[in-house]
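The values are calculated or read from the model by the stated rules, or taken from the named source; none is laboratory data. Please read these numbers as outputs of a predicted model, since none were measured by experiment. Don't worry about glycine lacking a Cβ; one is built from the backbone with ideal geometry, like all the others, and counts go over all protein chains shown.
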Amino acid sequence: MNEDQRLGRLGNTQESTDSTDKPKKDYSKYFDFTNAKVISEEENKKIIRIAGREISIYDQPDYKQGKRRGKEDVQVLRPDSLIPEEMKGIGNGKKYLIRTYGCQMNTHDSENMAGLLAEMGFEPTEETTEADVILLNTCAIRENAENKVFGEIGHLKTLKVERPELIVGVCGCMSQEENVVNRIMQKHQHIDLIFGTHNIHRLPELLKNALYGKEMVVEVWSKEGDIVENMPRARQGKTLAWVNIMYGCDKFCTYCIVPYTRGKERSRLPEDIIAEVRDLARKGYKEITLLGQNVNAYGKDLEGVKYGLGDLMDEIHKIDIPRVRFTTSHPRDFDDHLIQVLSKGGNLVEHIHLPVQHGNSEILKLMARKYTREQYVELAHKIKMAIPNASFTTDIIVGFPNETEEQFEETLSLIREIEFDSAFTYIYSPREGTPAAKMKDNVPMEVKRERLGRLNTLVNEISAKKNLEYQDQIVEVLVEGESKKNPDVLAGRTRTNRLVNFRAPKSVIGEIVYIKVTEAKTWSLNGEMVETAEVNR
Ligand code: 5AD
Ligand code: SF4
């Protein structure tokens, strides 16, 4: 799957090859600081010089620390303002561009950064040549995501040479990786600012240091900090909104970098989430997506209360907002109370994204997913019984170290058994610092690619078959905007997350309309608008 698909903005499915057949990178050279000179060292700031560029390091990523799960309480901070006095108005007449890679969490983080920049007076632009500040909000989930960012970092060098006053920053998950920060400090000295996922609220302060000093500014907290409420937010649209319900992940699946880059699980307080949802409803938003790396663990860390995702969804169910989604789920924590609440329907839409990752129990064990194939199947059936019209989607990894042909075929048989409406499919990509990266792997890349191809063929076949069930049906569609392929056509989604294309006046953008499906394709449906609302699905 590509980024647009991950963001749920385009056609349903997959397609993701990786470049893991290249020789394994030797990162050790990025840790060789024999050419670095320490200029000064204070308690909370160290200045070093590498190849003529001075670098102020306030904090650097440290994997060991990032991995630690301490018992210390997470505080909720409610600062009145995050903008230092001297930064107010600093952006007047200036523009910013944030390029976002990866998942919805990053998209939403970018909205927070945009909010902070807007409070300083900056305006958005899509043109790199117009921008005074460019931020790359990066993704570390697979190697190809990282390669894209390094490509972009390289391109921006020409711009920075032409306009030295331009500020170029790198943030997001890649900044949380030791080797990435070291590589940038050593090899990409046109970068002015590096900050991580835990200190986004410090952007104004860090930008001040980057603007007023000549050094590259590095501040990456290895340990997650507190939860910061009241962050200014520049949401991307007026119809769909992301709402963070929790941060971090404690699952430590062996292939996954997220627990290291996003820190431990921290839930926002229910009252803060509900206030935000009410506010979005008042502002006329039609759909919200509750966000977290592992939303089913919501509430586990809340002191002194037994309150989980089911309780939260039950409260949000009563709020007058037409559609509520949530992502991403982990099967292990998907409990009966949540299923019972979801079966109430109403604004809780009939779409469950439940990553399975693999169809073979031995591989699931090696992945540390903490469920077997049989347990997953049982859960899926339980959900399907409770919510009969639900569409069911998943994430799959092929080519995990030493995956045999038989084990891979169990993934295929699981896809047939569950009949997923669609699936995001990936070739396993080793991530430095994770346990799986140390596992020996004897499956050649051609075999992994060939397996991905077979998997995608099957997933597409089932998607097409499932879409056929929509033929001639009337569906409820929330209109998101013009279709990416043809501005004369509008695009929206059903409650079950099917992409629907149709012709209608632009005035219906942002509205819920009823569409009769005239053509069912593999990844989308075509249809025409109808007046009466006898919805079948
Ligand atoms: N290699 C390939 N895919 C991965 N994912 C997470 N880590 C990796 C990795 N190292 C996939 C999982 C997850 C999705 C967001 O990305 O399927 O659910
Ligand atoms: Fe990564 Fe999801 Fe596993 Fe957490 S639950 S480690 S985010 S795959």
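Residues in the range 51-77 that are of a type in the set (A, V, I, L, M, F, W, C) and surrounded by 15 or more Cβ atoms within 10 Å (Cβ to Cβ) were compared, and the one that is farthest from T197 (Cα to Cα) is I55.
For the range 245-261, the tally of residues that are surrounded by fewer than 20 Cβ atoms within 10 Å (Cβ to Cβ) and either assigned to a helix (DSSP H, G or I) or more than 15 Å from ligand 1 (Cβ to nearest atom) (or both) stands at 1.
Those residues that are β-branched (V, I, T) and not in a helix (DSSP H, G or I), I need them from the range 425-459; list them, please. Write out each step before concluding.
So the first thing to find is which residues in the range 425-459 are β-branched (V, I, T), and the list is 425, 427, 434, 443, 447, 457, 459.
Scanning the range 425-459 gives T425, I427, T434, V443.
Residue count for the range 275-308 under the criterion of being touching a Leu at 6+ places or on another chain (Cβ under 8 Å) and not small (G, A, S): the result is 10. For first residues located in the range 487-498 and under 13 Å from V517 (Cα atoms) and surrounded by 18 or more Cβ atoms within 10 Å (Cβ to Cβ), partners that are among the basic types (K, R) and at pLDDT below 95 and lie 6+ apart or on another chain with Cβ distances below 7 Å form the pairs T494/R537. Within the range 307-325, the residues that satisfy the criterion of being among the charged types (D, E, K, R) and buried (at least 20 other Cβ atoms within 10 Å of the Cβ) are R323, R325.
Cβ-Cβ contacts under 7 Å between residues 6 or more apart (or on different chains), taken from a first residue in the range 430-442 that is closer than 13 Å to L366 by Cβ and within 11 Å of ligand 1 (Cβ to nearest atom) to a second residue that is among the hydrophobic types (A, V, I, L, M, F, W, C) and not in a helix (DSSP H, G or I), are listed as T434/C256; T434/I257. Of (1) crowded, with 20+ Cβ neighbours inside 10 Å; (2) under 28 Å from V277 (Cβ atoms); (3) within 16 Å of ligand 2 (Cβ to nearest atom), T328 satisfies all except one. Which? Against the list (1) crowded, with 20+ Cβ neighbours inside 10 Å; (2) under 28 Å from V277 (Cβ atoms); (3) within 16 Å of ligand 2 (Cβ to nearest atom), T328 comes up short only on (1). Summed over the range 37-87, the residues that are modelled with pLDDT of 85 or more and not in a loop (DSSP other than H, G, I, E, B) give a count of 22.
Pick from the range 275-303 the residues that are within 16 Å of ligand 1 (Cβ to nearest atom) and not in a loop (DSSP other than H, G, I, E, B): which of them is nearest to V324 (Cα to Cα)?
Checked the range 275-303; the qualifying residue nearest to V324 (Cα to Cα) is T289.
Take the residues of the range 331-340 that are surrounded by fewer than 20 Cβ atoms within 10 Å (Cβ to Cβ) and not acidic (D, E): which is nearest to ligand 2 (Cβ to nearest atom)?
Going residue by residue through the range 331-340, those that are surrounded by fewer than 20 Cβ atoms within 10 Å (Cβ to Cβ) are 332-333, 335-337, 339-340.
Those left that are additionally not acidic (D, E): 332, 337, 339-340.
Values: R332: 8, H337: 20, I339: 19, Q340: 23 Å.
The residue in question is R332.
Being in contact with a Phe, Trp or Tyr (Cβ under 7 Å, 6 or more places away or on another chain) and either within 16 Å of ligand 2 (Cβ to nearest atom) or more than 24 Å from L455 (Cβ to Cβ) (or both): is that true of A380 here? It is false that A380 is in contact with a Phe, Trp or Tyr (Cβ under 7 Å, 6 or more places away or on another chain) and either within 16 Å of ligand 2 (Cβ to nearest atom) or more than 24 Å from L455 (Cβ to Cβ) (or both).
Can you tell me which residue is farthest from ligand 1 (Cβ to nearest atom) among those in the range 262-272 that are farther than 26 Å from T138 by Cα and without any contact (Cβ under 8 Å) to a residue 60 or more places away in the chain? Walk me through it before giving the result.
Going through the range 262-272, the residues farther than 26 Å from T138 by Cα turn out to be 269-272.
Filter once more, so that each one left must be without any contact (Cβ under 8 Å) to a residue 60 or more places away in the chain: 270-271.
Details: P270: 26, E271: 30 Å.
Here the residue is E271.
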